[in-house]
Amino acid sequence: MNGIEKITQRINADAQAEIDRVLADAKAQAAEIAGKYKAQADAEAAALQARNEKAAAEREERLVNVAQMEARKTALAAKQEMVEKAYALALKKLCAMPEEQYTAVLAELLMQASSGGGEVIFSAKDQKGAGKAAVEQANKAGRKLKVSKETRKIPGGFILRAENVEVNCAFDTLVRLQKAETAGAVAKKLFG
């Protein structure tokens, strides 16, 4: 029996050696595969982290750009409001001139607007006072104008009607026309 036991032990030893070798190879392969997948996972994680950081930086840049654009729009709106107020103040000052100066300005405008005759329409406030005096001054300079019985709701100035044509010299219209030409210069003067 001694010989059979030795053969059995030898077979068991060889089998155990083969099992140990196969297990060692399997562990080595498993470690190699795990290492490969870990490296791949690490690379993907790093790439994902880099993409996320880049996306976050781009988003931050977009948000900053949007915020800057909104700030510029707000500043521009404020500047436009200030320019509007400047023209509103100019209109207010035109309408609030002393009577003598107001009459002189109306007379000068009448001289520029008319080449001959016509009917001058004023606001109800100006019709009898400054308007009448301005028409008299213009007529002394060779114009043939008359004050209309009609009035218009204008803040100051007049409307000259001659042969079915009306020339609008109301102060609000004149200021609006000047604004179209001078708004850039006014903004430059106000804001540098």
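The values are calculated or read from the model by the stated rules, or taken from the named source; none is laboratory data. Since the model is a prediction, treat every value here as computed from it, not as a measurement. We place every Cβ from the backbone using ideal geometry, glycine too, and count neighbours over all the protein chains shown. When the accessible area is computed, the model is the full protein with side chains, heavy atoms only, and any ligands, DNA or RNA have been set aside. Shrake-Rupley method; radii C 1.70, N 1.55, O 1.52, S 1.80 Å.
Some notes on this structure:
- Residue match in region 75-84 (condition: in contact with a Leu (Cβ under 8 Å, 6 or more places away or on another chain) and open to solvent by less than 70 Å² (accessible area, probe 1.4 Å)): yes
- Counted residues, region 85-136 - those being part of a helix (DSSP H, G or I), open to solvent by less than 30 Å² (accessible area, probe 1.4 Å) and over 20 Å from THR151 (Cα atoms): 1
- VAL105 within 30 Å of GLN80 (Cα to Cα) and at pLDDT below 90: no
- Qualifying positions in region 28-81 - more than 30 Å from LEU190 (Cα to Cα) and among the hydroxyl-bearing types (Ser, Thr, Tyr): TYR37
- Meets criteria (free of Cβ contacts under 8 Å to residues at least 12 places away in the same chain and among the charged types (D, E, K, R)) for LYS125: yes
- Test result for ASN65, open to solvent by 90 Å² or more (accessible area, probe 1.4 Å) and over 30 Å from LEU160 (Cβ atoms): no
- Residues of region 142-189 classified as in contact with a Leu (Cβ under 7 Å, 6 or more places away or on another chain), open to solvent by 50 Å² or more (accessible area, probe 1.4 Å) and in a helix (DSSP H, G or I), total: 1
- Of the residues making up region 15-57, those that are open to solvent by less than 80 Å² (accessible area, probe 1.4 Å) and within 41 Å of the chain's Cα centre (by Cα) are ALA46, ALA47, ALA50, ALA55, ALA56, ALA57.
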